[in-house]
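Reading through the structure tokens given below for one structure.
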Amino acid sequence: MYHVTAYSNEGKKLVDQPIEAQNDHEAKEKGFAILKEKEAEGFAYRILHDSGRLVDFTSQKGKSAKSQVTE
């Protein structure tokens, strides 16, 4: 079992949803689909395994740094 959470720039929780998946890859795919469905793709998010292991994440600072590098 996995979980996806996304936050607005102000720190408001936009998505907080469990994900049923057999492995990390499937959890990422389903997590990204949920973010897209909830229109939260551009926000900070994390995908966690129920054990607490971080599967994937991005932060607002990380996004800012990435956008500066690609410009």
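Readers should treat all values here as calculations from the given coordinates under stated rules, not as data from a laboratory. Predicted model only: the values in this text are computed from it and were never measured. For neighbour counting, all protein chains shown are included, and Cβ atoms are generated from backbone atoms with ideal geometry for every residue, glycine included.
Using 0.36 nm per residue and subtracting the Cα-Cα separation, the extra length available between LEU14 and GLN60 on full extension is 15.2 nm. For the range 2-60, the dipole from Cβ point charges (+1 on Lys and Arg, -1 on Asp and Glu) about the Cα centre works out to 160 debye, to the nearest 20.
Each principal axis of the range 2-60 carries a Cα extent, and these read 32, 22, 15 Å when sorted largest first.
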